[in-house]
Structures are given as structure tokens and as C-alpha cells.
Amino acid sequence: MTAHAPLIPPGPVDLAALRTDRTAGVEGGKEAGKQALADLGPELSDLQERLFAEGRKGSPRRLLLVLQGMDTSGKGGILRHTVGLVDPQGVRITSFKAPTEEERAHDFLWRIRKALPGPGLIGVFDRSHYEDVLVPRVHGLVDQAEIERRYEAINDFERGLVAEGTTVLKCLLHISPGEQRKRLLARLDQPSKHWKYNPHDVDERARWADYRRAYEAAIEHTGTEVAPWHLVPSDAKWYRNLAIGQLLLETLRGLDLRWPTADFDVAAERARLLHEDLEDPQDQAS
């Protein structure tokens with residue numbers, strides 16, 4: 001079974017024409033999809049540990065997963081259910097909120113650079129530098145010339161990351177307005193979810209068409225050969241999680257990760273341990 005997160009091809013993008021509820025490739029529906037994701041866990045964990053081990057031994061390689069989407073599209077769910085399959089010590093997660101006063105005093109990429117994963121790590125951006133070409137465009141906070149400057153700055157930034165050993169996975173979590181309304185209502189129906197509800201999200205819903213156009217422009221201008229965009233149908237949560245899991249797995253497989261070779265004499269160290277003269281109090285007690 002394969003859930004798809006296809007590449008968005010270069011050129012003009014029409015998100016309204018792309019399905020948000022696609023679940024093709026997975027027979028058996030939700031339960032089968034959830035089991036398929038769980039089945040990815042052992043290999044994902046093994047490959048992530050190899051990446052981590054390489055980083056500890058000097059490899060510059062790392063992976064950056066960028067999650068972008070409208071509110072309720074599922075960034076948090078992916079962190080829990082998909083990224084949660086690997087060892088947390090090998091993951092760096094950053095959730096980008098509205099810029100602080102300090103961050104606004106710098107170029108928009110300043111805070112992004114500070115959050116990049118180190119060698120051997122999987123970094124995850126819950127929102128990202130793309131907020132700085134989406135929100136300002138929708139709300140008219142900067143002019144079009146500045147938006148276009150930022151597109152170019154992003155492309156230069158991502159090319160530099162790739163040249164330095166970072167694999168960049170950019171994922172658009174594609175959700176329908178109807179599904180978003182359903183999820184927002186579900187938060188209101190459960191007192192335990194009220195903390196997740198923000199009335200401002202309803203205000204932003206009124207700008208849905210503006211955000212769609214902003215996303216289309218951002219994808220068209222920043223979908224490059226070294227850092228393309230993947231479309232993740234996200235109305236079905238289980239399918240979204242599985243699609244991201246399979247994308248991560250395929251990417252890590254493609255890195256041809258190897259366990260670092262020992263930089264010491266294995267046989268000599270084994271002999272030292274077997275012949276050490278160190279008393280164990282528990283051995284004496286038995």
C-alpha cells in the first residue's frame with residue numbers, strides 16, 4: 001500500500017483543481033492506513049539512527065521537513081503520529097509563530113537560520129519561512145516587490161542548505177475549507193480542545209481564496225529542482241500521516257545511510273573488557 005505525496009510540477013499551480021480528499025493507493029481504508037504507518041516504524045527508526053550516527057562521526061548530512069498548510073491541516077498530527085515513530089533525540093522541531101520584536105528587527109530568514117537542524121538530525125518546521133511570503137501578501141503588509149525579493153531569498157537560502165548537505169522536503173498539507181470547518185467545530189464541541197481554538201482562525205477563513213492564491217504563487221516561485229514541493233492530500237488524517245511517513249522513508253532510503261565504521265580496534269577493546277580486573281559487588285553477592 002502506498003499513500004502518495006506527489007511532486008508539484010514546475011509552472012502555474014491551480015490548487016482548486018487538486019483533490020484534498022484523495023486516498024488512492026491504500027486498500028482497506030483508515031484502519032489499514034494506520035497499520036501501514038505503524039509498519040513503517042522499525043525501518044524509519046533504523047534509518048534515522050544511522051543518520052544520527054553519521055552526524056556524530058562528522059557527516060554534514062541532515063534532513064529538513066517543512067510542513068505548510070492552513071490552520072487545522074494537521075501539522076501537529078504529523079508530529080505525533082509520523083515523526084513520533086523515530087527517536088526524539090534525533091529530531092529538532094520548531095513551531096514558528098508570529099515574529100517577536102527581536103525577530104522583526106532582523107531579516108525574515110534570521111530566525112529560520114537559528115532553528116536549522118544540526119548534522120545527523122531530522123529538523124521539522126511547523127510553519128516556516130513561507131509564512132513570510134503568505135501572510136504579508138494576504139494582508140498587504142509589504143509590497144509585491146518585497147514579496148518577490150523574498151521568493152529569491154528563499155531560493156538562494158534553500159540552494160545553500162542543499163549544497164551544505166541538507167535534504168529539504170517541502171510539504172503542502174492540502175485541506176478543503178469544508179474539512180477545516182468540520183475540525184474547528186470539533187474543537188468547539190470538546191472542552192478539552194478549547195485551548196486549541198482561536199477565533200482569529202475564523203477571520204482568516206474569510207480570506208481562503210486569498211491564501212490559496214498566495215500559496216499558488218509561493219509554490220510556483222519556490223518549487224526548484226533541489227527543493228521541490230510535495231502535495232499531501234490532508235482531508236483524511238490517516239492518509240496524510242501515512243503519505244508523510246512514506247515520503248520520509250523513501251528519502252532516508254535514498255541517502256544510502258551506513259553505520260560508521262569503528263575508529264578503534266574492536267578485537268582489542270573486546271579483549272580489554274573480557275580480561276579486566278574489576279570486581280562487581282553483585283557477582284560477590286550471588
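Considering (1) in contact with a Gly (Cβ under 6 Å, 6 or more places away or on another chain); (2) closer than 19 Å to Val86 by Cβ, the lone condition that Trp229 does not fulfil carries the number (2).
One residue stands out among those in the stretch 135-156 that are buried (at least 19 other Cβ atoms within 10 Å of the Cβ) and among the hydrophobic types (A, V, I, L, M, F, W, C): the one that is farthest from the chain's Cα centre (by Cα), which is Ile147. Between Arg272, Arg240, the distinction of being in contact with a Ser or Thr (Cβ under 8 Å, 6 or more places away or on another chain), on the phi < 0 side of the Ramachandran plot and part of a helix (DSSP H, G or I) belongs to Arg240 only.
For beta carbons closer than 6 Å, sequence separation of 6+ or different chains, a first residue in the stretch 42-66 that is closer than 26 Å to Ile112 by Cβ and a second that is part of a helix (DSSP H, G or I) and open to solvent by less than 40 Å² (accessible area, probe 1.4 Å), the qualifying pairs are Leu44/Leu249; Leu47/Leu252; Gln48/Gly90; Phe52/Gly90.
The C-beta contact set for the stretch 194-215 (first residue more than 17 Å from Leu18 (Cα to Cα), second residue of a type in the set (Asp, Glu), distance under 6 angstrom, 6+ apart or interchain) comprises Asp201/Asp71. Scanning the stretch 246-269 for residues that are assigned to a helix (DSSP H, G or I), under 30 Å from Leu65 (Cα atoms) and not small (Gly, Ala, Ser) gives Gln246, Leu247, Leu248, Leu249, Glu250, Thr251, Leu252, Arg253. Asp201 - would you say it is in contact with an Asp or Glu (Cβ under 6 Å, 6 or more places away or on another chain), surrounded by fewer than 17 Cβ atoms within 10 Å (Cβ to Cβ) and either in a helix (DSSP H, G or I) or of a type in the set (A, V, I, L, M, F, W, C) (or both)? It is true that Asp201 is in contact with an Asp or Glu (Cβ under 6 Å, 6 or more places away or on another chain), surrounded by fewer than 17 Cβ atoms within 10 Å (Cβ to Cβ) and either in a helix (DSSP H, G or I) or of a type in the set (A, V, I, L, M, F, W, C) (or both). Pairs meeting the criteria (first residue in the stretch 11-25 and free of Cβ contacts under 8 Å to residues at least 60 places away in the same chain, second residue in a loop (DSSP other than H, G, I, E, B), beta carbons under 6 Å, at least 6 apart or on different chains) are Gly25/Thr2; Gly25/Ala3; Gly25/His4. For Ser59, the stated conditions hold: it is modelled with pLDDT of 95 or more and over 20 Å from Gln246 (Cβ atoms). Quick check, is Asp210 within 16 Å of Val135 (Cβ to Cβ) and in a helix (DSSP H, G or I)? In short, yes. Can you tell me which residues in the stretch 78-91 are open to solvent by 20 Å² or more (accessible area, probe 1.4 Å) and in contact with a helix residue (DSSP H, G or I) (Cβ under 8 Å, 6 or more places away or on another chain)? Listed by number, the residues that qualify are His81, Leu85, Asp87, Gln89, Val91.
A single member of Leu64, Leu47 is in contact with a helix residue (DSSP H, G or I) (Cβ under 6 Å, 6 or more places away or on another chain) and modelled with pLDDT of 95 or more, and it is Leu47.
Restricting attention to the stretch 57-77, the residues that are in a loop (DSSP other than H, G, I, E, B) and either open to solvent by 30 Å² or more (accessible area, probe 1.4 Å) or out of contact with any strand residue (DSSP E or B) (no Cβ under 6 Å at 6 or more places or on another chain) (or both) add up to 8. If the condition is being touching a residue at least 40 places away in the same chain (Cβ under 8 Å) and crowded, with 17+ Cβ neighbours inside 10 Å, then the stretch 101-115 contributes Phe108, Ile112. In the condition set (1) of a type in the set (Gly, Ala, Ser); (2) open to solvent by less than 10 Å² (accessible area, probe 1.4 Å); (3) at pLDDT below 95, Ala98 is compliant with all but (2). Please specify each residue of the stretch 127-147 satisfying the condition of being modelled with pLDDT of 95 or more and closer than 29 Å to Glu54 by Cβ. Correct list: Ser128, His129, Tyr130.
The values are calculated or read from the model by the stated rules, or taken from the named source; none is laboratory data. As the structure is a computational prediction, the values presented were derived from the model and not from experiment. Cβ coordinates were reconstructed from backbone atoms using ideal geometry, including for glycine residues, and neighbour counts include every protein chain displayed. Calculation scope for accessible area: heavy atoms of the full protein, side chains included, ligands and nucleic acids excluded. Shrake-Rupley method; radii C 1.70, N 1.55, O 1.52, S 1.80 Å.
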